[in-house]
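Written out below as structure tokens is the structure these notes cover.
Bear in mind that the values in this text are calculations on the coordinates, not laboratory data. Model, not experiment: these values are computed from the prediction. No Cβ is skipped: glycine too gets one built from the backbone with ideal geometry, and neighbour counts run over all protein chains shown.
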Amino acid sequence: KMFKAVDLSKLVTFFTIFHNDKPVDWLLDHMIQTKVCRFDRDSKDCRKQKDNVWIHYRPSLFQHVGTHSSLKGKVQKLTDKQFGKTLTRYPLRNPKAILRTTLRMYGD
């Protein structure tokens with residue numbers, strides 16, 4: 001999930017306040033829900049509003065490492081079977097170029 005720079009301080013504050021209460025992925029979902037869902041609308045509308053701002057990407061870009069969960073007594077066994085199967089880096093081919101400059105190397 002990407003956020004605008006103006007929202008980052010709010011996000012960090014929210015995580016800092018509640019990091020001992022819930023895992024970060026739950027906090028992220030709760031923060032989005034708090035921003036887009038209204039009490040006078042039903043859960044279906046809430047889901048629709050969240051889907052408008054929440055971008056899902058398959059396969060996952062990130063994978064949980066290990067089985068330790070931040071929830072006491074919980075073992076995290078979930079894995080994305082497609083994680084790492086997609087080429088995420090492509091070889092670069094820069095065009096040939098000649099570079100000239102009047103700048104001197106640092107230290108000369």
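Looking at (i) 14.1; (ii) 7.5; (iii) 23.9, which value of mean projected area of the Cα convex hull in nm² comes from a calculation on the structure shown? The value computed from this structure is option (i).
By the combined test of axial Cα extent (at least 20 Å) and Kyte-Doolittle hydropathy (mean at least 0.0), the qualifying DSSP H helices of the chain come to 5-18.
In the chain, Cα pairs under 8 Å separated by at least six residues give a relative contact order of 18 percent.
Placing +1 on the Cβ of every Lys and Arg and -1 on the Cβ of every Asp and Glu, with no other charges, gives the chain a dipole of roughly 440 debye about its Cα centre. Which lysines have a Cα lying under 19 Å from the Cα of residue 50, excluding residues fewer than 8 positions away in the same chain? Excluding near neighbours in sequence, the set is 1, 4, 10, 35.
Based on the mean of other beta carbon atoms within 10 Å per residue, what is the order of 71-83, 24-36, 48-60, 93-105, most packed first?
Top to bottom by mean Cβ count within 10 Å: 24-36, 48-60, 71-83, 93-105.
What residues from the range 46-68 fall in the zone where the backbone N is under 16 Å from a label point 7 Å along the Cα-to-C-beta line of residue 81? Counting backbone N atoms under 16 Å from the label point, the list is 58-60.
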